[in-house]
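Report on the following structure.
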Amino acid sequence: MKAINLEKLLPEDVPQGERILWHGRPQWTSLFRRAYRGDVVAGYFAALTAWNVFDAAVESGAGSAALAGARTLAIGLGALALLALLAWASARTALFIITSRRVVMKIGVALQVFYNLPFSQIRTAGLRIESDGSGDVMLTLSPDKRIGYLHLWPFARPFRFAHPEPALRGLADARHVGDILGRALVAAAAERGDMFLIGEDDAVASASSQKASMPAGDAVAA
């Protein structure tokens, strides 16, 4: 049985008994603002434009100030346009899939790469929710499973260079996706005879000797 006929979501046939629970793409606007730091770049060029206008006005008058401001603003808009294009391309070519047994990430603009992450290799997971409801689901892998940070970027948890963590970034409804993944991870762990504790908010879930349960709120499990 094939997974879903949508740009070959999975690189192989889904084993019998495995179900696809969710699939989707990231929002390019969310990637632009948070992964590519569009907000920071916009703020930098806004401040730089204001400074150049002030400096030119003091030195040479209003005409030079207007020219300096227009030139700086044009450079800033060009930089933002390039970042927006990269964010759009990253989102357009990415696909995330959650099945009852694994997480699959299809990423890469120039070169498409599949990362097949069975639940047995996912040690913890965390959820980050932004004010607009979008967010990221971060995955911590077993110590013997390591993916290079640059291979994952921009779909890696920021600043985790020593132990890179794959991340489903820019999700429009991260809370919903986190809930689906959490329940699937707990169910799969129960089948293996493992016990896992579900964390809330940005906390991560970890192995526990206690019975796992699904609390309300931003819950993600491993």
Within the stretch 104-132, how many residues are in contact with a Leu (Cβ under 6 Å, 6 or more places away or on another chain), open to solvent by less than 30 Å² (accessible area, probe 1.4 Å) and of a type outside the set (F, W, Y)?
4
Quick check on this structure: which one of V186, V103, V177 is under 24 Å from R37 (Cβ atoms) and not polar (S, T, N, Q)?
V177
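Could you tell me whether any residue of the stretch 185-197 is aliphatic (A, V, I, L, M), part of a loop (DSSP other than H, G, I, E, B) and open to solvent by 80 Å² or more (accessible area, probe 1.4 Å)?
Yes - at least one qualifying residue is present in the stretch 185-197.
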Could we say that L48 is open to solvent by 40 Å² or more (accessible area, probe 1.4 Å) and assigned to a helix (DSSP H, G or I) here?
yes
If we only count strands (runs of 3 or more DSSP E) wholly inside the stretch 106-168, which ones have 2 or more residues that are of a type in the set (G, A, S)?
122-129
Determine if the stretch 83-103 includes at least one residue that is open to solvent by 20 Å² or more (accessible area, probe 1.4 Å), touching a Phe, Trp or Tyr at 6+ places or on another chain (Cβ under 9 Å), in a strand (DSSP E or B) and not β-branched (V, I, T).
yes
Name the pairs whose Cβ atoms lie under 8 Å apart, with the first residue in the stretch 60-85 and at positive phi, the second exposed (fewer than 12 other Cβ atoms within 10 Å of the Cβ), and 6 or more positions between them or separate chains?
none
Pick from the stretch 156-167 the residues that are charged (D, E, K, R) and over 16 Å from R37 (Cα atoms): which of them is surrounded by the most Cβ atoms within 10 Å (Cβ to Cβ)?
E165
Set R25, R92: member being under 30 Å from A189 (Cβ atoms), touching a residue at least 40 places away in the same chain (Cβ under 8 Å) and of a type in the set (K, R)
R25
Which members of the stretch 133-155 meet the condition of being more than 23 Å from T93 (Cβ to Cβ), open to solvent by 20 Å² or more (accessible area, probe 1.4 Å) and not β-branched (V, I, T)?
G133, P143, D144, K145, R146
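The values are calculated or read from the model by the stated rules, or taken from the named source; none is laboratory data. Treat the numbers as computed from the prediction; the structure is a model and nothing was measured. Every residue, glycine among them, receives a Cβ derived from its backbone with ideal geometry; neighbour counts consider all protein chains shown. Protein only, heavy atoms only, side chains kept; ligands, DNA and RNA dropped before computing areas. Shrake-Rupley method; radii C 1.70, N 1.55, O 1.52, S 1.80 Å.
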